[in-house]
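Shown next, in structure tokens, is the structure this report addresses.
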Amino acid sequence: CSASANKPVLTLFTKKPCPLCDEAKEVLEPYKRRFILQEVDITLPVNSAWYDKYKYDIPVFHLNGKFLMKHQVDIQKFEDQLMKLELQND
């Protein structure tokens, strides 16, 4: 199916444990068919730049590589941005 190639990528910057991240994923659950979730563990050495940037702010979300939101899901903002991207892909 070629539709998945056009799905926006939602990047979640996270670390273990992260109750707020778990909560955020639950909030996003109804939308999961509309995007690809990519999780980045900021505690891994390869992600040290993200750790320095976000260690006090997780969860942090980027949509298609652009900063979207942090700390908790702003569902209205998320829907607006997701809709914009979906319209661009049509």
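Rule-based calculations on the coordinates, nothing more; no lab input. The structure presented is a predicted model; accordingly, all values stated were derived computationally and were not measured. When we count neighbours, we look across all protein chains shown, and the Cβ atoms used for this are built from the backbone with ideal geometry, even at glycine.
Got a number for residues in segment 1-56 being in contact with a strand residue (DSSP E or B) (Cβ under 9 Å, 6 or more places away or on another chain) and surrounded by fewer than 10 Cβ atoms within 10 Å (Cβ to Cβ)? Here the count works out to 2. What single numbered condition from (1) free of Cβ contacts under 8 Å to residues at least 60 places away in the same chain; (2) surrounded by 13 or more Cβ atoms within 10 Å (Cβ to Cβ); (3) of a type outside the set (Asp, Glu) fails to hold for Leu85? In the conditions (1) free of Cβ contacts under 8 Å to residues at least 60 places away in the same chain; (2) surrounded by 13 or more Cβ atoms within 10 Å (Cβ to Cβ); (3) of a type outside the set (Asp, Glu), Leu85 misses (1) alone.
Among the residues that make up segment 73-82, is at least one of them surrounded by 13 or more Cβ atoms within 10 Å (Cβ to Cβ) and touching a His at 6+ places or on another chain (Cβ under 9 Å)? For segment 73-82, residues surrounded by 13 or more Cβ atoms within 10 Å (Cβ to Cβ) and touching a His at 6+ places or on another chain (Cβ under 9 Å): absent.
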